[in-house]
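Down below is the structure, laid out as structure tokens.
The values are calculated or read from the model by the stated rules, or taken from the named source; none is laboratory data. What you see is a predicted model; the values in this text were computed from it and never measured. With ideal geometry, Cβ positions are generated from the backbone for all residues, glycine too; neighbour counts draw on all protein chains shown. Quick note on the areas: whole protein, heavy atoms, side chains included, nothing else; ligands and nucleic acids left out. Shrake-Rupley method; radii C 1.70, N 1.55, O 1.52, S 1.80 Å.
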Amino acid sequence: MDIALCEAQAAADRGEVPVGAVIVNPEGTVVAQAGNRTREWNDPTAHAEIVAIRAACADAKVERLVGHDLYVTLEPCPMCAAAISNARIARLYYGASDPKSGGVAMGARVFARPQCHHAPEVYDGIGEAASAALLKAFFASKR
């Protein structure tokens, strides 16, 4: 989660919402890391999770990341939760909850839907205080 927090800080430094993600393969090696890039790339799908999933899949030359873990600083939105499911991520670890836009424990609860073909194991609250502090500081600076 420390790497994800560094990616979130780098995203904030670029003017992006500070969310960072890291993907670890079954051997425990980091295979991708990313921060949000929606503004930089003019791409509404360039959330940290999506960018990291794309990089990990491209690197491994596969469309599924079976057995991989994803660490992300904020509860994934519904779009990212669906991508996590489609990528067959084994375990999801996230920091801060997202009552407004979350798609895992809040809101859409993508993994609980009968249309969801794969639900990862979910562990929340990992690095929650640091993740929430980054987000609060970022949005306070915008007001």
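Extension gain for Ala119-Ala55 works out to 20.9 nm (0.36 nm per residue, less the C-alpha to C-alpha distance).
Heavy-atom accessible area with a 1.4 Å probe sorts Phe139, Phe111, largest first, into Phe139, Phe111. Under the rule a/c < 1.5 gives rounded, and otherwise a/b versus b/c splits prolate from oblate, where does the range 1-92 land using the Cα gyration tensor? Judged from the Cα gyration tensor, the range 1-92 comes out prolate (a/c at least 1.5, a/b above b/c). On the beta carbon distance between Ser101 and Asn25, with R0 = 22 Å, the FRET formula returns roughly 0.20.
Within the assembled protein chains, the solvent-accessible surface assigned to Glu128 is about 90 Å², based on a 1.4 Å probe.
Maximal additional length on extending the Ala108-Cys6 stretch stands at 33.9 nm, based on 0.36 nm per residue less the C-alpha distance. Relative to the Cα centre, the charge distribution of the range 1-81, modelled as +1 at Lys and Arg Cβ and -1 at Asp and Glu Cβ, gives a dipole magnitude of about 200 debye.
Separation of the range 1-49 from the range 73-141 is 13 Å, based on Cα centroids.
Between Met1, Ala21, Thr38, the Cα set farthest toward the positive side of the dipole of the range 1-46 (charges on each charged residue's Cβ, about the Cα centre) is that of Thr38.
The stretch between Asn86 and Lys142, if pulled fully straight at 0.36 nm per residue, gains 16.7 nm over its current Cα-Cα span.
As a rough guide to protection, the peptides 9-15, 37-43 ranked by mean Cβ packing within 10 Å, highest first, stand as 9-15, 37-43.
Note on the chain: with charges restricted to the Cβ of Lys and Arg (+1) and Asp and Glu (-1), its dipole about the Cα centre is near 420 debye. Considering only Leu92, Pro120, Ala105, and ranking their Cα positions along the charge dipole of the range 62-143 that arises from unit charges at the beta-carbon of Lys, Arg, Asp and Glu, the one farthest toward the positive end is Ala105.
Would you mind classifying the range 1-50 by shape? Square roots of the alpha carbon gyration tensor eigenvalues, ordered a ≥ b ≥ c; an a/c under 1.5 is rounded, otherwise it is prolate if a/b is larger than b/c and oblate if not. Cα axes put the range 1-50 in the oblate bin. Computed on the chain, with alpha-carbon pairs under 8 angstrom and 6+ residues apart, the relative contact order is 20 percent. Taking Val122, Val17 and ordering them by how much accessible surface each has at a 1.4 Å probe, largest first, produces Val122, Val17.
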